[in-house]
Amino acid sequence: MILDGKAVAETVKADVATRVAALNQRGVSVGLATVLVGDDPASHVYVRSKRRTAEATGINSFHHELPANTPQRDIEALIEQLNADPAVDGILVQLPLPHGLDSDRITELIDPSKDADGLHPFNLGLLVLGRDGLTPCTPTGVLRILEHYGIEISGKNVVIVGRSFLVGRPQALLMIQKGADATVTIAHSRTNDLAAVCRGADIIVAAVGVPKLIGAGHVSPGAVVIDVGINRTDDGLVGDVDFDAVQDIVSAITPVPGGVGPMTVAMLMHNTVTAAEWRAAGG
Ligand code: NAD
């Protein structure tokens with residue numbers, strides 16, 4: 001089975017649009033501010049797609065594009081202005097920022113209640129504690145895909161390959177929450193015999209950034225494979241999984257593109273409308 005992230009993302013976006021419309025009916029608008037610094041082509045593509053999706057779901061998009069040599073203090077001043085702006089419910093600073101800028105400091109300046117990316121240390125802390133907060137978009141999107149297709153993770157062995165703060169770590173935290181109840185192993189660049197570790201998995205989440213790292217020797221028959229990787233190669237966009245080599249062994253797999261990528265954008269809108277609802281409720 002091919003897990004169609006694009007189709008699942010459409011259902012998330014439809015839900016977001018309904019919630020935005022309900023807020024609008026109460027006189028509450030929903031706004032997402034995007035901040036793009038420098039001229040990294042991939043970042044421009046991602047931000048364009050996020051702005052378009054915001055507009056398609058009824059979310060007002062406020063875009064701020066700054067040159068690569070913008071001083072740190074100017075970006076910080078912009079974040080403070082967006083924090084104070086009642087029209088802005090979500091703030092997204094597209095990472096990575098150009099060399100020389102302190103992205104940790106900039107991320108930490110975002111009001112956690114407007115942290116549409118779910119990457120503020122406060123929100124990551126809530127995730128560790130198992131309390132409600134805005135959760136990182138990509139790993140939350142992975143869970144949504146599994147839920148959508150009725151793939152149970154409770155009690156299952158999940159191997160997450162990659163320990164980044166953006167994907168691997170929060171993915172593990174989300175999957176061990178009460179109610180999700182997976183048994184999680186996090187593998188990384190220092191893991192011994194990655195293939196053997198992965199063969200023990202009912203579900204593999206690959207978030208590595210190495211094209212086609214996960215091959216036929218890494219998967220057990222019937223495993224579910226979620227490929228988070230997006231690698232630009234001469235052959236176009238390629239995941240971290242060798243799709244052709246594993247597709248006949250596994251029971252379900254996400255393609256690249258059209259798998260996790262669209263979910264990340266959809267979950268950003270989900271976080272933005274959630275933030276707006278909390279604000280409207282006085283939270
Ligand atoms: P990262 O570079 O921050 O982390 C990669 C992780 O992989 C590290 O923890 C490292 O220990 C591990 N790793 C590296 N080589 C390994 C190896 N040979 N064996 C085992 N583990 C290894 O990357 P990231 O930000 O987590 O992104 C990972 C991939 O996911 C990239 O391709 C990125 O483009 C993609 N990504 C996709 C989305 C999406 O929306 N689909 C979102 C974020 C990231």
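Restricting the calculation to Cα atoms, every distinct pair contributes to the Kirkwood radius of the chain, found to be 19.4 Å.
For the residues A182, A77, A14, a GNM of the chain with alpha-carbon springs under 10 Å puts the largest fluctuation on A77.
All alpha carbon pair distances within the stretch 72-198 were sorted into 10 Å bins beginning at 0; the resulting P(r) in whole percents reads 12, 36, 30, 17, 5, 0. For the chain, adding -39500 (n - 2.57) for each run of n ≥ 4 DSSP H residues and dividing by the number of residues yields -13000 deg cm²/dmol at 222 nm. Residue order for D240, D89, D248, fewest other beta carbons within 10 angstrom first, comes to D248, D240, D89.
Taking the number of Cβ atoms within 10 Å of each Cβ as an exposure proxy, the fewest-first ranking of M175, M263 is M175, M263.
Computed on the stretch 139-250, with alpha-carbon pairs under 8 angstrom and 6+ residues apart, the relative contact order is 23 percent.
The trypsin sites (Lys or Arg not before Pro) of the stretch 8-38 meeting both criteria, a DSSP state outside H, G, I, E and B (loop) and at most 10 other C-beta atoms within 10 angstrom of the site's C-beta, are R26.
Label the stretch 37-107 by shape, choosing from rounded, prolate and oblate, from the square roots a ≥ b ≥ c of the eigenvalues of the Cα gyration tensor; if a/c is under 1.5 it is rounded, and otherwise prolate applies when a/b is larger than b/c, oblate when it is not. Oblate, since a/c reaches 1.5 and b/c is not below a/b. Comparing T135, T233, T57 in a Gaussian network model of the chain (Cα springs below 10 Å), the most mobile by mean-square fluctuation is T233. Restricting the trypsin sites (Lys or Arg not before Pro) of the stretch 148-225 to loop positions (DSSP other than H, G, I, E, B) with no more than 15 neighbouring Cβ atoms within 10 Å leaves K178, R190. Once divided by 2.2 N^0.38 Å, the Cα radius of gyration of the stretch 161-283 becomes 1.17.
Working from label points 7 Å from Cα in the Cα-to-Cβ sense, the R199 to S164 distance is 2.9 nm.
Rg/Rh for the stretch 8-166 stands at 0.98; both radii use Cα atoms, and Rh follows the Kirkwood definition. For the chain, a Gaussian network of Cα nodes joined below 10 Å ranks G133, G236, G168 by mean-square fluctuation, and the top entry is G236.
Among beta bridges from DSSP that stay inside the chain, the antiparallel ones total about 10%. FRET efficiency for the D104 to R52 pair, using the beta carbon distance and R₀ = 30 Å, is estimated at 0.55.
Modelled spin-label separation between D111 and V210, with each label point placed 7 Å from Cα along the Cα-to-Cβ direction: 4.3 nm. Using the Cβ-Cβ distance between R190 and D234 with R0 set to 30 Å, the FRET efficiency from 1/(1 + (r/R0)^6) comes to roughly 0.55.
Per residue, the Cα convex hull of the stretch 91-163 amounts to 125 Å³.
For the Cα atoms of the chain, what angle does the longest principal axis make with the long axis of helix 260-280, in degrees from 0 to 90, nearest 10? Tilt of helix 260-280: around 40 degrees. For the stretch 1-45, rounded, prolate or oblate, judged on the Cα gyration tensor with a ≥ b ≥ c (square roots of eigenvalues), a/c < 1.5 rounded, else prolate if a/b > b/c? Verdict is oblate for the stretch 1-45. Apply the a/c threshold of 1.5 to the C-alpha gyration tensor of the stretch 121-193 and tell me whether it is rounded, prolate or oblate. It is oblate, given that a/c is not under 1.5 and a/b is not larger than b/c. Modelled label positions at V45 and R26, each set 7 Å beyond Cα in the direction of Cβ, lie 3.9 nm from each other.
Residues T274, T18, T70 in ascending order of nearby Cβ atoms (within 10 Å, fewest first): T18, T70, T274. With respect to the chain, whose longest principal axis is taken over its alpha-carbon atoms, helix 137-148 is tilted by about 60°.
Any read-out appearing in this document is the output of simple, stated calculations on the displayed coordinates, not a laboratory observation. This is a predicted model, so every value here is computed, not measured. Glycine also receives a Cβ, built like all others from the backbone with ideal geometry; neighbour counts cover every protein chain displayed.
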